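Pasting in a structure now, in structure tokens, and then I'll have a few things to ask.
The values are calculated or read from the model by the stated rules, or taken from the named source; none is laboratory data. Quick caveat, the model's predicted, so the values are computed rather than measured. Here the Cβ is made from the backbone with ideal geometry for all residues, glycine too, and neighbour counts use every protein chain on show. Surface areas here come from the heavy atoms of the whole protein model, side chains and all, with no ligands, DNA or RNA. Shrake-Rupley method; radii C 1.70, N 1.55, O 1.52, S 1.80 Å.
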Amino acid sequence: MHIERIDPFTCLIPAHDGMRVPARLYVSDQLFSLLKQDKALDQLVNVARLSGIVSYALGMPDMHQGFAFPIGGVAAFDVDEGVVSPGGVGFDINCGVRVILTSLREEEVRPKLDAIGKKLFARVPSGLGSKGLIRLSAKEARAAMAEGVPWALGKGFAEPADLRAIESSGCLPGADPRAVSDEAVNRGKEEFGTLGAGNHFLEIDRVEQIFDPETAQKFGLFEGQVLVWIHTGSRGLGHQIATDYIARMRPKMAQYKLELFEHDFVSIPLRDPLAGEYLAAMAAAANFAWINRQMITHAVREVFSKEFGKPADALGMRLLYDVAHNIAKFEDHTLGKSESQTRGTISAALTSRRLLVHRKGATRAFPAGHPELLDLAHDAGQPVLLPGDMMRGSYILVGTERAMRESFGSVAHGAGRKMSRHAAAKEVSFEALSRQMGQQKVRLLAADKRLACEEAPAAYKDVDAVVETVTGSGLARVVARTRPLLVIKG
């Protein structure tokens with residue numbers, strides 16, 4: 001495979017062997033060496049072969065092998081000629097991250113950290129097959145999926161200001177619970193307000209360093225501040241929706257004479273009615289995921305309020321932002337009418353087009369002034385929430401105009417794995433992991449010791465190197481770095 005280095009943070013795979021567009025990689029030399037360990041590059045090339053893809057198949061610096069699309073892959077498709085791919089969204093639909101601000105400092109929280117951790121561990125069920133403390137009927141669950149976070153607001157789990165700090169205001173248009181199977185609903189109706197397993201987490205962090213004081217002030221960030229990170233998605237509901245529609249779409253691949261690159265790498269034209277059904281079900285799962293994170297937020301606020309004897313608003317517990325990782329969305333983007341196949345440059349002739357943007361293991365990064373952003377994000381730029389591993393810390397960045405020009409307003413979603421879960425569990429013992437984190441003054445609460453070992457810091461790329469590539473390529477500006485004080489894992 002021929003790969004050209006464009007600059008220290010960007011590579012290009014020219015279109016070849018059936019590729020309809022080039023593939024563009026945001027990757028440093030340090031991170032590129034890790035891409036040779038799996039099939040992520042081959043998967044990205046396959047993405048570039050899909051019908052109706054425009055501009056580039058994009059690989060983010062945290063890219064690694066996934067099902068169908070690589071995790072860390074971005075692709076946009078023409079609404080008339082393009083396709084939709086469940087594998088380009090992922091099984092955990094709207095897996096995403098949110099950050100809750102507080103006005104508390106580390107020294108105020110440290111003495112209460114154990115008590116807070118134990119209460120959160122009890123209030124927010126985590127782990128494989130975990131069930132929420134609030135159970136809904138199938139009818140109620142479908143109503144929630146149709147409404148998104150406005151449903152949670154009506155039930156008392158949200159504040160009005162929360163909706164304006166969530167991507168798409170916590171409700172993706174076009175959601176239709178009728179497109180969701182009974183099996184999927186039955187898997188999801190008891191999982192509201194849960195973390196699940198794998199890389200999902202609930203963290204209490206402190207702001208370690210401010211890099212952009214002006215933007216940090218707009219965001220409400222200061223050094224020593226305590227924040228809460230929440231990372232979870234649509235859990236069994238989203239997984240079942242992906243499973244259902246991959247099975248239903250696969251026979252149509254032959255009908256449309258589309259090549260099946262991998263067993264789960266299905267895609268069908270957007271004009272097919274089944275594509276619309278999938279997008280309606282996907283939107284319902286996305287809404288479920290936003291409600292899920294919102295109900296966890298409600299629990300976090302209650303725990304902090306009881307522990308400190310003050311209302312949550314008196315503790316400054318405002319939602320900074322919530323962004324999705326695994327999603328397909330209709331968006332308007334400005335593109336060049338002609339593009340170089342070798343250097344990846346865009347011509348001066350520009351046109352605005354409606355596209356279906358798939359982000360799998362990638363997050364939105366819109367700049368200040370974008371019409372989809374509200375309030376603080378509209379004025380300062382969208383907060384980009386980029387978690388690292390559970391010991392070395394995470395970053396808060398802000399979107400840029402260059403991201404809109406080059407990557408459909410997308411950046412990396414985290415550090416990205418460099419070791420398989422099986423390999424990590426084999427190499428890392430829970431005792432060693434706990435000792436390592438204890439030496440860094442990080443408390444770890446885990447529902448499953450083996451699964452916690454799968455998420456050991458050694459299994460992940462260096463988040464500093466990922467962020468260096470994101471900022472070096474101009475896709476986002478770093479605002480602040482945070483470090484964990486307490487981590488809850490499924």
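Give the peptides 242-251, 30-39 in descending order of average Cβ contacts within 10 Å, highest first.
Ranked by mean Cβ neighbours within 10 Å, highest first: 242-251, 30-39.
A follow-up question, please. How many nm is it between the label spots at Ala115 and Glu307, if each spot is 7 Å from the Cα in line with the beta carbon?
Between Ala115 and Glu307, the label points sit 0.9 nm apart.
Give me the orientation-averaged projected area of the Cα convex hull of the stretch 319-459, in nm², one decimal.
11.4
In addition: Count the net charge of all other residues whose Cβ sits under 11 Å from the Cβ of Ala280, scoring Lys and Arg as +1 and Asp and Glu as -1.
Neighbour charge sum, excluding Ala280 itself: -1.
Where a ≥ b ≥ c are the square roots of the eigenvalues of the C-alpha gyration tensor, would you call the stretch 406-451 rounded, which needs a/c under 1.5, or, failing that, prolate if a/b is larger than b/c, or oblate?
prolate
Measuring with a 1.4 Å probe in the full set of protein chains, what accessible area per residue, in whole Å², belongs to the chain?
Value for the chain: 36 Å² per residue.
Something else about it: Please report, in cubic angstrom per residue, the volume enclosed by the convex hull of the alpha-carbon atoms of the stretch 1-159.
Normalising the Cα hull of the stretch 1-159 by residue number yields 211 Å³.
A further question on this structure: Compute the signed sum of charges (Lys and Arg +1, Asp and Glu -1) over the other residues within less than 14 Å, Cβ to Cβ, of Gly154.
So the surrounding residues net to -3.
Could you tell me the center-to-center distance, by alpha carbons, between the stretch 454-474 and the stretch 15-94 in angstrom?
Comparing the Cα centres of the stretch 454-474 and the stretch 15-94, I get a distance of 19 Å.
Taking all protein chains in place and a 1.4 Å probe, what share, in percent, of the accessible surface of the stretch 135-236 do carbon and sulfur account for?
Whole-percent figure for carbon plus sulfur exposure: 48.
First compute the accessible area of the stretch 369-490 with a 1.4 Å probe, then give the percent of it belonging to carbon and sulfur atoms.
Ligands and nucleic acids excluded, carbon and sulfur reach 48 percent.
Note down, for the stretch 187-309, the three equivalent ellipsoid semi-axes (square root of 5 times each alpha carbon gyration tensor eigenvalue), biggest first, whole angstrom.
Its equivalent ellipsoid spans semi-axes of 40, 19, 12 Å.
Rounded to the nearest 500 deg cm²/dmol, what is the calculated helix-only ellipticity per residue at 222 nm for the chain, with -39500 (n - 2.57) per DSSP H run of length n ≥ 4?
-10000 deg cm²/dmol
Which of rounded, prolate or oblate describes the stretch 378-476 when judged by the alpha-carbon gyration tensor and an a/c cut-off of 1.5?
In terms of gyration-tensor shape, prolate.
Please enumerate, by chain and number, the lysines with C-alpha under 23 Å from the C-alpha of Lys119, excluding those fewer than 8 residues away in the same chain.
Within the straight-line limit of under 23 Å, Lys119 reaches these lysines: Lys131, Lys155, Lys306, Lys310, Lys441, Lys449, Lys489.
Can you list the DSSP H helices in the chain whose Cα atoms extend at least 30 Å along the helix axis and whose mean Kyte-Doolittle hydropathy is 0.0 or higher?
Sorted by number, the helices that extend far enough and score high enough are 273-308.
A further question on this structure: Explain nothing, just the number: relative contact order of the chain, from Cα pairs under 8 Å at least 6 residues apart, as a whole percent.
That works out to 22 percent.
Which value, in debye to the nearest 20, gives the size of the charge dipole of the chain about its Cα centre, when Lys and Arg are +1 and Asp and Glu are -1 at the Cβ?
840
Bin width 10 Å, origin at 0, all Cα-Cα pairs of the stretch 276-338: what percent of pairs per bin?
Distribution as computed: 17, 32, 23, 18, 8, 2, 0 percent.
Please compute the length gained on full extension between Ser420 and Ser103, using 0.36 nm multiplied by the number of residues separating them and subtracting their Cα-Cα distance.
Contour length minus Cα-Cα distance gives 110.3 nm.
Continuing with the same structure: Just the number: Rg to Rh for the stretch 356-431, Cα atoms, Kirkwood Rh, two decimals.
Ratio of gyration radius to Kirkwood radius: 1.13.
Then there's this: With the Cα gyration tensor of the stretch 129-240 giving a ≥ b ≥ c as the square roots of its eigenvalues, does the rule (a/c under 1.5 for rounded; else a/b larger than b/c for prolate; else oblate) give rounded, prolate or oblate?
prolate
Can you tell me the relative contact order of the stretch 202-334? Whole percent, Cα pairs under 8 Å, sequence separation 6 or more.
After rounding, I find 22 percent.
Sum up the charges of everything whose Cβ sits under 11 Å from the Cβ of Phe121, counting Lys and Arg as +1 and Asp and Glu as -1, but leave Phe121 out.
For residues surrounding Phe121, the net value is +4.
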